[in-house]
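Heads up: the structure comes next, in structure tokens.
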Amino acid sequence: MPFAIYALALAAFAVGSAEFVISGLLPLLADDLAVSIPMAGLLVTAYAAGVAVGGPILTILTSRYSQRTVLIGVMALFTLAQVLCAIAPDYGMLLAARLLSSVAHGTFFGAGNVIVVGLVPPERRGAAFSLFISGITVANLLGLPGGSAIGLNFGWRTTFLIVATIAAVAVAVLVARVPNTRGPGERSATLGAQVRELRHQQVWLSYLTITFVMVGALAFGTYQVPILEQVTRIAPEIVPIYLLVGGLGSVLGIYLGGRGTDWKPMPTLIAVLLLQAFFYFTMLFAMHDKVWMTVNLLITSILGFAFSTPLQARVITAAHSAPNLASSLISTAFNIGIAVGAAIGAILISSGVSYADIPAVGVVSSLCAAGTASLSWWLERRQLATG
């Protein structure tokens, strides 16, 4: 595997850490900034909205430049945003810094996906995407629990400073290791050509599938720390260990998703989504027991990351003629789901719904995702049959 993909994975780790760590810091942030936990949770929603809207806009504005230049530029912007998060004096300034970070986030993954496609042959794309995305899974494995532990012991501002340091290292590695060449779809990919690539049902139904999955994942994930503390009765100092279990599951999930993509992507995807719905259902009962909650958290984390590689590869393959905008909109789909899921969680909790009932959102959203993916696969097979 080209070393440049490892460099991309390091940058993805920094970006993923910044996005995920906020959920582990919610109680600390809420207390320090004198806001409620649901209000602090809206930092997740705002970040996701920034990725969803700002990422594609910045992608369009930077379309004349090589994806390498775009990638390095947005990572430098991301690094600055983490420093601003660390020194933010109040909730409003922290929100503004998170929005700046989110715009860089959306463009980073769009450019990164296009670069990955240009670095490996088609038969190795599943493994390459899996390695690139593994930066996010390692962020879930180490960034979320590690950042939470650092925040607990040294303050949440220290967590953001450490993320900024990692991001700065990632910028240096990207400059040194990502080749200064243009990949497939970068040459003569006008805005009109990129928009036309969005017409394929494999593209827009994949976006819809991603959005459905993330609604359930973030309705639970945003509030997993208070759920573990108040429902499962885990002591605050032990919570990072449970987050580490979830991170281990994400690593396994990304690996299995990559293998499934290079084998049979759509059967893999649909099976993962149906299993995800089932284990969100069992979580409604498992969360009252520490052992069963640990097992359930591991399995749902595996499934929650196994679905992403097949869908990302499906979008890039369908939009292969001009993939830049289509690739950027993958992050938009993820973050629309994240924003909606976090907002649904905040609304439900604020209206009196118990933390223990939040996984029910995941049951419904995962079943919707499975239905959408099944429809896309059926349409594809029908098109091939009528040829």
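The table for this structure:
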{"read-out": "Hey, Ala46 of a type in the set (Gly, Ala, Ser) and touching a residue at least 12 places away in the same chain (Cβ under 8 Å) or not", "value": "yes"}
{"read-out": "Single unsatisfied condition, Leu273 versus (1) within 21 Å of Ala342 (Cα to Cα); (2) over 20 Å from the mean Cα position of the chain (by Cα); (3) hydrophobic (A, V, I, L, M, F, W, C)", "value": "(2)"}
{"read-out": "Residues of the stretch 353-387 classified as in a helix (DSSP H, G or I), in contact (Cβ under 8 Å) with a residue 24 or more places away in the chain and not polar (S, T, N, Q), total", "value": "18"}
{"read-out": "Pick from the stretch 172-193, criterion modelled with pLDDT of 80 or more and crowded, with 20+ Cβ neighbours inside 10 Å, ranking: farthest from the chain's Cα centre (by Cα)", "value": "Val178"}
{"read-out": "Within the stretch 67-82, considering residues that are buried (at least 24 other Cβ atoms within 10 Å of the Cβ) and of a type outside the set (A, V, I, L, M), the one farthest from Val169 (Cα to Cα)", "value": "Gln67"}
{"read-out": "Condition met for Arg64 (more than 18 Å from the chain's Cα centre (by Cα), surrounded by fewer than 17 Cβ atoms within 10 Å (Cβ to Cβ) and of a type in the set (Lys, Arg))", "value": "yes"}
{"read-out": "Count - residues of the stretch 83-115 that are farther than 15 Å from Ile72 by Cα, touching a Lys or Arg at 6+ places or on another chain (Cβ under 8 Å) and buried (at least 24 other Cβ atoms within 10 Å of the Cβ)", "value": "1"}
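The values are calculated or read from the model by the stated rules, or taken from the named source; none is laboratory data. Model, not experiment: these values are computed from the prediction. Positions of Cβ are backbone-derived with ideal geometry, glycine not excepted, and every protein chain shown enters the neighbour counts.
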